Amino acid sequence: MALRTIRLQGDPVLTKTCREIKEMTPKIKELIEDMLDTMYEANGVGLAGPQVGVLKRIVVIDIGEGPVVMINPMILESSGEQTGDEGCLSLPGKAGVVTRPDYVKAKALNEDMEEYIIEGTGLMARAICHELDHLDGHMYTEKVEGSLHDVTYEEAE
Ligand code: ZN
(Lines give C-alpha, C1' and ligand atoms only; values in the text may rest on other atoms or scores of the structure.)
Protein backbone atom coordinates (compact mmCIF):
# COMPACT_ATOMS: atom_id res chain seq x y z
CA MET A 1 0.00 0.00 0.00
CA ALA A 2 1.39 3.33 -1.05
CA LEU A 3 -0.18 6.55 0.02
CA ARG A 4 0.24 9.70 -2.00
CA THR A 5 0.17 13.21 -0.61
CA ILE A 6 -3.20 14.87 -1.09
CA ARG A 7 -2.77 18.33 -2.58
CA LEU A 8 -4.70 21.06 -0.78
CA GLN A 9 -6.66 23.97 -2.17
CA GLY A 10 -4.23 26.72 -3.09
CA ASP A 11 -1.90 24.27 -4.84
CA PRO A 12 -1.79 25.35 -8.50
CA VAL A 13 -2.03 21.72 -9.66
CA LEU A 14 -5.71 21.80 -8.66
CA THR A 15 -6.47 24.53 -11.20
CA LYS A 16 -5.03 22.84 -14.28
CA THR A 17 -6.75 20.91 -17.07
CA CYS A 18 -5.76 17.24 -17.17
CA ARG A 19 -4.65 15.25 -20.20
CA GLU A 20 -6.27 12.07 -21.49
CA ILE A 21 -4.68 8.70 -20.78
CA LYS A 22 -3.74 7.05 -24.08
CA GLU A 23 -2.64 3.61 -22.89
CA MET A 24 -2.45 1.55 -19.73
CA THR A 25 1.06 1.32 -18.35
CA PRO A 26 2.52 -0.21 -15.18
CA LYS A 27 2.90 3.33 -13.86
CA ILE A 28 -0.80 4.08 -14.30
CA LYS A 29 -1.77 0.73 -12.76
CA GLU A 30 0.31 1.73 -9.75
CA LEU A 31 -1.31 5.17 -9.73
CA ILE A 32 -4.80 3.58 -9.60
CA GLU A 33 -3.82 1.37 -6.64
CA ASP A 34 -2.23 4.32 -4.84
CA MET A 35 -5.25 6.56 -5.47
CA LEU A 36 -7.60 3.94 -4.02
CA ASP A 37 -5.36 3.44 -0.98
CA THR A 38 -5.08 7.18 -0.47
CA MET A 39 -8.85 7.71 -0.80
CA TYR A 40 -9.70 4.93 1.67
CA GLU A 41 -7.05 6.07 4.15
CA ALA A 42 -8.55 9.58 4.09
CA ASN A 43 -12.13 8.24 4.39
CA GLY A 44 -13.06 9.90 1.12
CA VAL A 45 -15.67 8.83 -1.43
CA GLY A 46 -13.69 10.07 -4.41
CA LEU A 47 -10.28 11.23 -5.55
CA ALA A 48 -9.10 12.75 -8.82
CA GLY A 49 -5.63 12.69 -10.42
CA PRO A 50 -4.74 16.32 -9.72
CA GLN A 51 -5.45 15.78 -6.03
CA VAL A 52 -2.36 13.58 -5.91
CA GLY A 53 -0.44 15.88 -8.26
CA VAL A 54 -1.04 13.88 -11.46
CA LEU A 55 -2.54 15.86 -14.34
CA LYS A 56 -4.24 12.91 -16.01
CA ARG A 57 -7.95 12.29 -16.61
CA ILE A 58 -8.52 9.65 -13.97
CA VAL A 59 -10.76 9.46 -10.92
CA VAL A 60 -11.58 6.81 -8.35
CA ILE A 61 -14.89 6.72 -6.48
CA ASP A 62 -16.33 4.49 -3.77
CA ILE A 63 -19.57 5.53 -2.15
CA GLY A 64 -19.61 2.30 -0.14
CA GLU A 65 -20.58 0.03 -3.04
CA GLY A 66 -17.06 -0.91 -4.17
CA PRO A 67 -14.35 0.90 -6.09
CA VAL A 68 -15.08 2.56 -9.43
CA VAL A 69 -12.16 3.55 -11.65
CA MET A 70 -12.94 6.10 -14.36
CA ILE A 71 -10.34 6.86 -17.03
CA ASN A 72 -11.04 9.69 -19.51
CA PRO A 73 -14.59 10.01 -18.11
CA MET A 74 -17.28 12.04 -19.83
CA ILE A 75 -20.80 12.89 -18.71
CA LEU A 76 -23.33 11.88 -21.37
CA GLU A 77 -26.58 12.83 -19.67
CA SER A 78 -27.70 14.47 -16.46
CA SER A 79 -31.05 15.38 -15.05
CA GLY A 80 -32.83 16.45 -11.89
CA GLU A 81 -31.37 18.43 -9.07
CA GLN A 82 -30.10 17.78 -5.55
CA THR A 83 -28.93 20.35 -3.06
CA GLY A 84 -26.77 19.31 -0.16
CA ASP A 85 -23.49 19.43 1.68
CA GLU A 86 -20.33 18.62 -0.21
CA GLY A 87 -16.75 18.31 0.93
CA CYS A 88 -13.40 17.58 -0.63
CA LEU A 89 -10.22 15.84 0.53
CA SER A 90 -8.32 18.87 -0.79
CA LEU A 91 -10.15 21.07 1.70
CA PRO A 92 -10.31 19.00 4.87
CA GLY A 93 -12.67 19.96 7.66
CA LYS A 94 -14.91 22.10 5.46
CA ALA A 95 -18.17 21.62 3.63
CA GLY A 96 -20.60 23.75 1.70
CA VAL A 97 -23.96 23.49 0.01
CA VAL A 98 -23.79 22.65 -3.70
CA THR A 99 -26.58 21.91 -6.16
CA ARG A 100 -25.82 19.05 -8.55
CA PRO A 101 -27.81 16.88 -10.95
CA ASP A 102 -29.61 14.02 -9.20
CA TYR A 103 -28.95 11.63 -12.09
CA VAL A 104 -25.82 11.28 -14.18
CA LYS A 105 -24.94 8.91 -17.00
CA ALA A 106 -21.27 8.83 -17.90
CA LYS A 107 -18.85 6.86 -20.02
CA ALA A 108 -15.30 6.03 -19.07
CA LEU A 109 -12.57 3.46 -19.59
CA ASN A 110 -11.85 0.85 -16.94
CA GLU A 111 -8.42 -0.41 -15.83
CA ASP A 112 -8.26 -2.55 -18.99
CA MET A 113 -9.01 0.53 -21.13
CA GLU A 114 -12.43 -0.88 -22.04
CA GLU A 115 -15.27 1.59 -22.38
CA TYR A 116 -18.22 1.24 -20.04
CA ILE A 117 -21.30 3.21 -19.13
CA ILE A 118 -22.16 4.11 -15.55
CA GLU A 119 -25.34 5.59 -14.18
CA GLY A 120 -25.61 7.16 -10.75
CA THR A 121 -28.21 8.88 -8.63
CA GLY A 122 -27.91 10.74 -5.34
CA LEU A 123 -24.43 10.55 -3.83
CA MET A 124 -22.99 8.70 -6.85
CA ALA A 125 -24.21 11.42 -9.23
CA ARG A 126 -22.76 14.05 -6.91
CA ALA A 127 -19.42 12.23 -6.64
CA ILE A 128 -19.09 11.82 -10.42
CA CYS A 129 -19.78 15.53 -11.01
CA HIS A 130 -17.42 16.60 -8.22
CA GLU A 131 -14.52 14.40 -9.34
CA LEU A 132 -14.89 15.19 -13.04
CA ASP A 133 -14.77 18.91 -12.20
CA HIS A 134 -11.28 18.33 -10.73
CA LEU A 135 -10.07 17.11 -14.15
CA ASP A 136 -10.79 20.56 -15.56
CA GLY A 137 -9.27 22.41 -12.64
CA HIS A 138 -12.46 23.18 -10.73
CA MET A 139 -13.20 22.87 -7.03
CA TYR A 140 -16.68 22.61 -5.54
CA THR A 141 -16.02 25.85 -3.68
CA GLU A 142 -16.67 27.71 -6.96
CA LYS A 143 -20.26 26.41 -6.82
CA VAL A 144 -20.99 26.76 -3.11
CA GLU A 145 -24.19 28.50 -2.16
CA GLY A 146 -23.54 30.69 0.86
CA SER A 147 -20.39 30.10 2.85
CA LEU A 148 -18.32 27.10 3.85
CA HIS A 149 -18.79 25.63 7.29
CA ASP A 150 -16.69 23.40 9.50
CA VAL A 151 -17.41 19.68 9.65
CA THR A 152 -16.04 16.84 11.67
CA TYR A 153 -13.70 14.54 9.80
CA GLU A 154 -16.22 11.70 9.50
CA GLU A 155 -18.79 13.86 7.73
CA ALA A 156 -16.45 15.14 5.03
CA GLU A 157 -16.73 13.53 1.62
ZN1 ZN B 1 -12.68 17.11 -4.44
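The values are calculated or read from the model by the stated rules, or taken from the named source; none is laboratory data. The structure displayed is predicted, hence computed values, not measured ones. As a convention, Cβ positions derive from the backbone with ideal geometry for all residues, glycine included, and neighbour counts pool all protein chains shown. The accessibility values were calculated without ligands, DNA or RNA, using every heavy atom of the protein model including side chains. Shrake-Rupley method; radii C 1.70, N 1.55, O 1.52, S 1.80 Å.
Residues of region 66-93 being under 17 Å from residue 116 (Cα atoms) and either within 14 Å of the ligand (Cβ to nearest atom) or out of contact with any Asp or Glu (no Cβ under 7 Å at 6 or more places or on another chain) (or both), which ones?
First pass over region 66-93, keeping only residues under 17 Å from residue 116 (Cα atoms): 66-78.
Within region 66-93, 66, 67, 70, 71, 73, 74, 75, 76, 77, 78 meet the criteria.
Determine, yes or no, whether residue 96 is touching a strand residue (DSSP E or B) at 6+ places or on another chain (Cβ under 7 Å), within 16 Å of the ligand (Cβ to nearest atom) and not basic (Lys, Arg).
yes
Looking at region 12-54, which of its residues are outside any helix (DSSP H, G or I), touching a strand residue (DSSP E or B) at 6+ places or on another chain (Cβ under 8 Å) and under 13 Å from residue 131 (Cα atoms)?
Hits for region 12-54 are 18, 45, 46, 47, 48.
Given the conditions (1) out of contact with any helix residue (DSSP H, G or I) (no Cβ under 9 Å at 6 or more places or on another chain); (2) assigned to a loop (DSSP other than H, G, I, E, B); (3) of a type outside the set (Val, Ile, Thr), report the number of the one that residue 4 does not fulfil.
Of the numbered conditions (1) out of contact with any helix residue (DSSP H, G or I) (no Cβ under 9 Å at 6 or more places or on another chain); (2) assigned to a loop (DSSP other than H, G, I, E, B); (3) of a type outside the set (Val, Ile, Thr), the odd one out for residue 4 is (1).
Looking at (1) under 16 Å from residue 126 (Cα atoms); (2) in a loop (DSSP other than H, G, I, E, B), can you tell me which one residue 59 breaks?
The number of the failed condition is (2).
Considering 8, 55, which residue is without any contact (Cβ under 8 Å) to a residue 60 or more places away in the chain and open to solvent by 40 Å² or more (accessible area, probe 1.4 Å)?
From the options 8, 55, the qualifying one is 55.
Residues that are open to solvent by 70 Å² or more (accessible area, probe 1.4 Å), under 15 Å from the mean Cα position of the chain (by Cα) and of a type in the set (A, V, I, L, M, F, W, C): does region 80-103 have at least one?
Looking for residues that are open to solvent by 70 Å² or more (accessible area, probe 1.4 Å), under 15 Å from the mean Cα position of the chain (by Cα) and of a type in the set (A, V, I, L, M, F, W, C), one finds none in region 80-103, hence no.
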